[in-house]
Amino acid sequence: MTDEKKVVRLNERRGESAMVRPVEKIDEILTRDDAESYIKTMNPHGLYRLIQEAGFDQGMDLIPYASPEQIQIFVDLDCWKRDVIETDRVAAWLAVLVADADDAHFHRAVRDLDPEVMALFFKKSFVAVELVEDGEIPAGMPSNTELSPDNAYALVYPEEQDIAALLRALLQRIYDLDMGLAWTLLEAVRWELASEMEETAYRFRTSRLEELGFVERTEALEVYALVQPVKLRERWESGEWEAKVAAVIPDDLQVPAVVRASTGEDLFFFEVLETVEDGEAAEALLSELAVLSNRTMLADGIEPGELESGQEVVRRTTGFLSLGLEFLSRGEEDRAREALSTVALKTLFQVGHSIAQNLRQKSRHIEDRPTLSLVEGVPFSLLSPDEAALFEGLQDLRPSYARDRYEFEVFNRQKQVDDAAVRIGMVAFKQLWLFGVQQKTVEELAPLVYEGSLKNEPDRVSFDVFFATAVATLLVAGKAELRGLTVEELGELPAKLRERSWEEDMLGAFEPVIGPILVAMPAATARLATRWLEETLERLVDELAAVEAVEEVEPLLDLVLVENA
């Protein structure tokens with residue numbers, strides 16, 4: 001089954017069409033005979049997402065018909081930056097209501113919206129002063145001061161014309177419909193503390209969002225708690241696992257579009273989900289995934305109203321989830337379906353995340369033992385570009401996988417973990433060879449690369465270059481050494497490589513290089529030593545064997561150490 005068909009089938013299980021564009025959906029709603037009443041029955045979170053997916057300019061036609069409860073959710077999701085309300089975002093929603101909502105809709109919206117939000121919007125936008133004498137603006141007030149509609153207050157409007165015009169229109173309409181509400185708001189502007197109103201408004205907002213599946217960031221961070229993947233799998237396989245507690249899915253929760261879009265990706269979780277025949281069970285798993293995604297996005301500092309911008313977080317969430325599911329089930333589809341029915345998605349996500357974190361810990365341990373760099377400010381100068389990319393990805397707070405220097409991916413498959421583990425092990429082996437077998441120290445190597453004896457720039461001297469130099473000096477001088485090759489030796493090297501004298505007994509031919517490794521390190525490292533030698537010879541042959549005469553050393557500086565004659 002193709003990915004496209006999987007997406008359609010999964011969406012059909014939810015009674016949705018994967019092909020309906022947000023703008024078309026809005027047009028369909030607005031052409032209904034009962035559009036006004038229908039809009040008020042829509043899930044507020046889903047209605048907000050529809051407006052955002054279509055774009056505010058396209059979705060704003062729905063706003064004048066929204067209920068006060070829906071508009072409150074719009075403000076909750078879109079108008080806060082952590083615990084600070086953003087008045088420019090509030091202004092965008094109020095501007096649509098002022099311009100397009102009829103009196104009844106407008107009055108209900110501004111009356112039922114959290115009073116602290118409305119008062120904060122005014123207080124952060126202008127200054128209100130009660131007049132001693134009706135109809136006269138006190139002397140000394142700014143030129144942009146105007147009287148309130150009832151001549152009871154002097155109002156200092158902002159210099160920005162657009163927001164000033166909105167404030168005038170908003171206040172005039174409130175006065176026309178509910179003078180008591182207008183007075184209440186202006187008195188709040190005069191006397192209430194903005195910090196206290198903001199704290200109260202934020203508390204109410206948090207309570208409402210928790211009902212929609214969102215939680216405080218400190219609670220959301222618990223989703224990243226580390227577990228012990230192997231022990232957890234052993235418990236599950238032994239049957240000691242407690243029955244899965246049904247996830248608490250809010251009634252108003254809808255699966256975000258960014259999660260729906262992930263259903264077409266080549267991920268083990270979705271491959272298994274596609275085989276779940278029970279439509280209700282599949283729906284429940286998608287909803288559970290939506291809750292999990294909400295938690296991870298909040299934990300990563302993405303505000304609830306910005307969830308569609310958190311695509312990378314959702315990809316990472318589904319990636320860790322898929323990795324955890326594959327690890328727990330050992331990649332077997334039947335066992336994976338069983339795991340989905342018995343293990344919470346949060347736990348599967350934690351397994352995948354913990355596996356990636358284990359790789360991160362191993363890479364950091366190697367970095368500190370003793371070093372992966374000889375260049376200050378360049379953390380991985382001794383690594384090849386592909387190795388450096390892997391370690392850079394693993395250093396992230398949420399580790400990522402680098403196939404090579406060009407391709408960074410979210411961890412989502414066991415084969416990525418296996419590849420990363422092998423490559424980390426190879427770097428550790430190279431590090432032990434240089435600093436253990438060769439008994440070099442940073443203090444000894446630093447002068448070699450910095451004091452001008454080499455043509456190689458310090459950031460071009462890597463483990464591979466040191467090892468290739470040992471191989472090359474053995475070929476041209478009969479002794480494996482870590483020093484710059486002379487121009488004469490470089491001239492001899494291509495012919496030595498063409499001879500391929502090592503083909504019948506590679507380990508014997510390079511015993512001066514390999515022998516000390518086998519003596520100083522465990523027998524299991526023989527495989528790594530052989531692999532490194534094979535890769536080094538292949539690289540030297542590819543680059544130099546066909547060269548008749550070495551006329552330019554610059555291309556060789558990433559291969560071997562070159563003496564600065």
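Structural remarks
- One residue stands out among those in region 226-266 that are part of a loop (DSSP other than H, G, I, E, B) and at pLDDT 90 or above: the one that is surrounded by the most Cβ atoms within 10 Å (Cβ to Cβ), which is VAL227.
- Filter result for GLY324 (under 24 Å from TRP236 (Cα atoms) and assigned to a loop (DSSP other than H, G, I, E, B)): no
- Test: residue in region 277-290 that is farther than 13 Å from VAL343 by Cα, crowded, with 17+ Cβ neighbours inside 10 Å, at pLDDT below 60 and not assigned by TED's automatic domain parsing to the domain that holds LYS25: no
- Yes/no for VAL547 being in contact (Cβ under 8 Å) with a residue 24 or more places away in the chain, within 25 Å of GLN438 (Cα to Cα) and either in contact with a strand residue (DSSP E or B) (Cβ under 7 Å, 6 or more places away or on another chain) or β-branched (Val, Ile, Thr) (or both): no
- Subset of region 525-534 (residues that are without any contact (Cβ under 8 Å) to a residue 24 or more places away in the chain and either under 38 Å from the mean Cα position of the chain (by Cα) or crowded, with 16+ Cβ neighbours inside 10 Å (or both)): ARG527
- Helices (runs of 4 or more DSSP H) fully within region 125-220 counting 2 or more residues that are crowded, with 18+ Cβ neighbours inside 10 Å, modelled with pLDDT of 90 or more and outside the structural domain of ASN294 (by TED's automatic domain parsing): 161-177, 179-191, 194-211
- Restricted to region 367-395, and to residues there that are assigned to a loop (DSSP other than H, G, I, E, B) and aliphatic (A, V, I, L, M), the residue that is surrounded by the fewest Cβ atoms within 10 Å (Cβ to Cβ) is LEU374.
- When GLU367, GLU303 are checked against the criterion of being outside the structural domain of PRO458 (by TED's automatic domain parsing) and closer than 27 Å to ALA428 by Cβ, GLU367 stands alone in meeting it.
- Here ARG364, ARG337, ARG360, ARG315 are screened, and the one residue that is part of a helix (DSSP H, G or I), closer than 25 Å to ARG82 by Cβ and basic (Lys, Arg) is ARG315.
- Screening ARG398, ARG405 for residues that are touching a residue at least 12 places away in the same chain (Cβ under 8 Å), outside any helix (DSSP H, G or I) and over 24 Å from VAL375 (Cα atoms) leaves exactly one candidate, ARG398.
- Region 408-463 - residue that is part of a loop (DSSP other than H, G, I, E, B) and aliphatic (A, V, I, L, M) and, of those, farthest from LEU561 (Cα to Cα): VAL410
- Unmet criterion (only one of (1) among the aliphatic types (A, V, I, L, M); (2) surrounded by 14 or more Cβ atoms within 10 Å (Cβ to Cβ); (3) not in a helix (DSSP H, G or I)) for LEU540: (3)
- Selected residue [in contact (Cβ under 8 Å) with a residue 60 or more places away in the chain and closer than 21 Å to MET60 by Cα] from ARG108, ARG173: ARG173
- Odd one out for LEU448 among (1) loosely packed, with under 14 Cβ neighbours inside 10 Å; (2) farther than 12 Å from SER381 by Cβ: (1)
The values are calculated or read from the model by the stated rules, or taken from the named source; none is laboratory data. Since this is a predicted model, take the numbers as computed values, not measurements. Every residue, glycine among them, receives a Cβ derived from its backbone with ideal geometry; neighbour counts consider all protein chains shown.
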